[in-house]
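Have a look at the structure below, then the notes.
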Amino acid sequence: MLDCTRREFFGLLGGLASAALYRPLPPSAAQDSLPGTGPSGRLFDPARAGRPLPPVTARDNDAAIQVIEKQLKCTCGCNQDVYTCRTTDFSCTTSPAMHQRVLQLADRGQDAQEIIDQFVRENGVQILMAPPKRGFNLAGYFLPTVLILVAAAVLVMALRRWARAAAARPAAPAAPAALDATAAELERLRRELDSLPG
Amino acid sequence: MTVLGNLALWVAFLVGIWGALTGFAGGLLGRADLQQSARHAVFAMCAALVTAVFALEWALFHHDFNVEYVAAYTSRNLPIFYTWSALYAGQKGSLLFWASVLSLFGSLALTFTSRRHAPLLPYVAGVVCAVAAFFVTVMLFAANPFARLAFTPLDGNGLNPQLQNPGMVFHPPMLYLGYISITIPYAFAMAALLSRRLDTDWLVAIRKWTLVSWLFLSIGLLLGMWWAYVELGWGGYWAWDPVENAALLPWLTMTAFLHSVMIQEKRGMLKKWNLALVIGSWLLSVMGTFITRSGVISSVHSFTQSPVGYYFLVFLVVAAAASFTLYARRLPLLDAEARLESMVSREASFLFNNLLFVGIAFSVLWGTLFPILSELVQGTKVTVGPPFFNQVNIPLGLALLALTGIGPLIAWRRASLPNLRRQFAVPVTTGGFVGLILLLGGMRDGWALMAIALAGFVAATVAQEFARGAHARHRQYGEPYALALARLVGRNRRRYGGYIVHTGILILFIAFAGMAFKTETQVTLRPGERATIRSPYGWTYRLTHLGISQYDALNRQVTAATLEVERDGKRLGVLTTEKRQHVDGLGRPTFQPSTEVGIRSDLREDLYVVLGGVVNGTEQAVFRFTINPLVWWVWYGGVVLVVGGLVVMWPGGGSPAVKRVQAGYVVRLVGEQ
């Protein structure tokens, strides 16, 4: 006979049942490791976090590479440069591939201009974020400024002509005395208008 | 309800055509019955279109997924806030929104315009009816928001995650309100041309409307910038995207108009120019819609593309031809009443200001359309991105900023040398001093330095104007300076409200200059690992990856990364950045995972954190850290600009006679009884 009270008996029974039903949690759902103490745990559903990414390397942050990639347009249809797309739209697979191509060309010893020229040879000038400054594209860059300068010159000439014409016109006759103001009031008005800004 | 919606559209269509015909005929023939009928047609059209809006909202809120539009832009689990805004999330709903707001604005214009302008109103009704009828035509024959599907899906597609942002709830309607309200000044301009009443009177009728349009466009643009910054995740707020450009174009020409109209009001000059600006602004707003809707130029706003853009192209060509033909026929009636007297005058500075506004508008339009032109001329479609626009527009923008300071310092009609010396001394010294301090402080970016130095010059101009005005009141009335300042603004709202707008603009320029010092870096961090980044101000941020959690919320599955932020060893708090996988009511993914940016903002800079994704399904995460100096000032400058606009358009301020008494004089003008 087990020598125990009813409460102790049910307590023991509960403990045995818990031990029998106990299943250790699978590693994927285990508690995260403490910060900085070991490898991090797996996420409950990695797919929710988007496309899996490789770790960032020092070359991904290379300023010289960034400068090149900011001049090249990503061809995924995002309308952004390669650097902005690969660091913004993390679902895009095109810009990371273009980034790898830039790194590959840089590894071959090509400088920035040579890399850009290579991309243009492979993809056409539409791969550039801004058209090259030659031929008809020069109109793109300079026409607005040239037109504004021409318009400004025309405006200056017109203003000069108008100013000369205004100076040549005889002074307008004095306005009829339609003001109910005393000479003192008019003098005060003149003084204060003079002191007003603008 | 879709039957009601369709019926309402047909009623609006027929009434619109009737209103256009009776409006123009009534005005030209002088028949009061037709004029009255056109007026009633605008009201009836408004009622029909509001009914159609009600029918579509009913379908949206009742999840009637048999309606193609409802299935395309909502889902059962879409928050109510966004279900309402789905009205203008898609093309067809936007057209309905546009037409109904236009008819509402038309009704307001007809109701509240003074009887003094009664001869113009039939034409105004005709133009409003014609434009609104065009939108209804597009809906009925190409993009019907009440079109039904052959089947009823269990759930809808849901709203694009990028549109599920408060900025996107308010940004499109504000921009649309800006675009749409330009139609009213345009309608008055056409009315003035048709009726040959081309004195300055029609300008008085549209004064408030032009300010309303400008204000809505400004708010729409600012909210769009804010949305792009907090939602798109690329770390900036303006990308010279064709659709952004399309919104900027009418804003530029309307701003030019708001300046040049003062010359017409004061001196009776620039009549031709002002009419052209109003017509051009309206055409640019239609063109913006064409660019947005057609997909003729690739844009981030690709969710709105469809062939209806070409309806707009035809409409644009016909409207431009009709408007400018009429304009050309009336040119002999548009001679100036006065001539400019001096190169050095407020009028001349306004002319140069207009030249720059229109020049910038042209350069933006030119850059936006250049890919098409290049394809036509060279057979190659080139890309025209931010490097192009920045190169062309930064110098022009700085010249405009300089004129913002110069204009108010020059007297009307003719400025004398002593006057110029007195006016320019403090602002020029301030601008030079600011530039020198920045140079000595180590700033080497030429454009940024110029922008901030010029902003200093403009700030000194504005401060000087306020100080002199308040001082004059203080001296004359003995008012304390604070009261004098308040009354100065209250009684000269247009002038001093304008200076507040200038203050907003200079703050915006300073903020834009800050982006020259943007820094960004990508890192991979395990929980507990830290990254260190250096701010352009010299201090160091340390960001510790605390871990990633995943949970469900509303209509999305969230993956949230939390980072602890320290600056120079002092803890600032935690930042969270998310990946969101949106799902429909059945738990099925609807779009690609989107990014929610974590932003820590202060007056000096923003720390902008983006969760790129995770490595091998673990908590090891890829982050992009960006430091954006002075971004907060974009929003602050925007608020100042809008407040200035509100001051300018705030009603009241007393009649001109009252103002003359308040100014300390009682002067009877010639001809005044």
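State, to one decimal in nm², a quarter of the convex hull surface area for the C-alpha atoms of the protein assembly as shown, i.e. the direction-averaged projected area.
Approximately 50.1 nm², given one-decimal rounding.
With a 1.4 Å probe and all protein chains kept in place, how much accessible area does B:Tyr179 have, in Å² rounded to the nearest 10?
10
Between segment B:195-248 and segment B:544-592, how many Å separate their Cα centres?
Here the two parts' Cα centres lie 34 Å apart.
Treating only the Cβ of Lys, Arg, Asp and Glu as charged (+1, +1, -1, -1), what charge dipole size does segment B:1-159 show about its Cα centre? Round to the nearest 20 debye.
Computed charge dipole of segment B:1-159: roughly 460 debye.
Measure of size requested: the Rg and Dmax of segment B:136-260, with Cα atoms as the atom set and Å as the unit; please supply both.
Every Cα atom of segment B:136-260 included, Rg and Dmax give 18.9, 61 Å.
Treat every Asp and Glu Cβ in the protein assembly as shown as -1 and every Lys and Arg Cβ as +1, leave all other atoms uncharged, and give the resulting dipole magnitude about the Cα centre to the nearest 20 debye.
Values: 74 positive and 52 negative charges, 567 e Å.
Around 2720 debye, computed over the protein assembly as shown.
With unit charges on the beta carbons (Lys and Arg positive, Asp and Glu negative) and the dipole taken about the Cα centre of chain B, which residue among B:Ile533, B:Gly431, B:Ala142 sits farthest to the positive side?
The residue sitting most towards the positive pole is B:Gly431.
Have a look at B:Leu21, B:Met1, B:Ala132 and report the one farthest towards the positive end of the charge dipole of segment B:1-159, computed about the Cα centre with Cβ charges (Lys/Arg +1, Asp/Glu -1).
Farthest towards the positive end: B:Leu21.
Inside 10 Å of the C-beta atoms of A:74-80, what's the mean count of C-beta atoms belonging to other chains?
Mean partner-chain Cβ count within 10 Å for A:74-80: 4.
Measuring from centroid to centroid over Cα atoms, what is the spacing of segment A:43-71 and segment B:604-621 in Å?
With segment A:43-71 and segment B:604-621 each reduced to a Cα centre, they are spaced 10 Å.
Cα-Cα over 29 Å: which of A:Lys70/B:Lys92; B:Lys272/B:Lys381; B:Lys92/B:Lys271; B:Lys518/B:Lys570; A:Lys133/B:Lys518; B:Lys92/B:Lys272?
In this structure, A:Lys70/B:Lys92; B:Lys272/B:Lys381; B:Lys92/B:Lys271; B:Lys92/B:Lys272 exceed 29 Å between Cα atoms.
Place +1 on the Cβ of every Lys and Arg and -1 on the Cβ of every Asp and Glu in the protein assembly as shown, take the dipole about the Cα centre, and give the residue among B:Leu215, B:Leu163, B:Ser75 whose Cα lies farthest towards its positive end.
Value: B:Leu215.
Per residue and in Å³, how big is the convex hull formed by the alpha-carbon atoms of chain B? Please list the in-between numbers first.
Details: hull volume 125.4 nm³, N = 673.
Residue-normalised Cα hull volume stands at 186 Å³.
Helix-only estimate, please: 222 nm mean residue ellipticity of chain B, summing -39500 (n - 2.57) across DSSP H runs of length 4 or more and dividing by its residues, to the nearest 500.
Numbers: 20 runs with 409 residues, N = 673.
Calculated at 222 nm, the ellipticity per residue is -21000 deg cm²/dmol.
Any chance you could check the Cα centroid distance between segment A:119-150 and segment B:352-404 for me, in angstrom?
Value for the Cα centre distance between the two parts: 11 Å.
Under 8 Å for C-alpha pairs, at least 6 residues apart: give me the relative contact order for chain B, rounded to a whole percent.
On the way: 1183 pairs, mean separation 70.3, N = 673.
Computed value for chain B: 10 percent relative contact order.
Work out the length of the dipole vector of segment B:455-583 about its Cα centre, built from +1 on the beta-carbon of each Lys and Arg and -1 on the beta-carbon of each Asp and Glu, and round it to the nearest 20 debye.
Computed about the Cα centre, the dipole is about 580 debye.
If you take every residue apart from B:Ile279 with its C-beta less than 15 Å away from the C-beta of B:Ile279, what net charge results, scoring Lys and Arg +1 and Asp and Glu -1?
+4
Run the numbers on segment A:61-127 and let me know its relative contact order in percent, using alpha-carbon pairs under 8 Å that are six or more apart.
About 30 percent, as a whole number.
May I ask for the net charge around B:Gln162, where only other residues with Cβ less than 15 Å from the Cβ of B:Gln162 are counted and Lys, Arg are +1 while Asp, Glu are -1?
Once positives and negatives cancel, what remains is -3.
Could you pull the Cα extents of segment A:61-127 along its three principal axes, largest to smallest, in whole Å?
That gives 30, 26, 16 Å along the principal axes, largest extent first.
Can you list the lysines whose alpha carbon is less than 20 Å from that of B:Lys266, not counting same-chain residues fewer than 8 positions off?
B:Lys208, B:Lys659
The values are calculated or read from the model by the stated rules, or taken from the named source; none is laboratory data. Note that the structure is a prediction, hence the values are computed from the model and not measured. Positions of Cβ are generated from backbone atoms using ideal geometry, with glycine treated the same way; all protein chains shown enter the neighbour counts. Quick note on the areas: whole protein, heavy atoms, side chains included, nothing else; ligands and nucleic acids left out. Shrake-Rupley method; radii C 1.70, N 1.55, O 1.52, S 1.80 Å.
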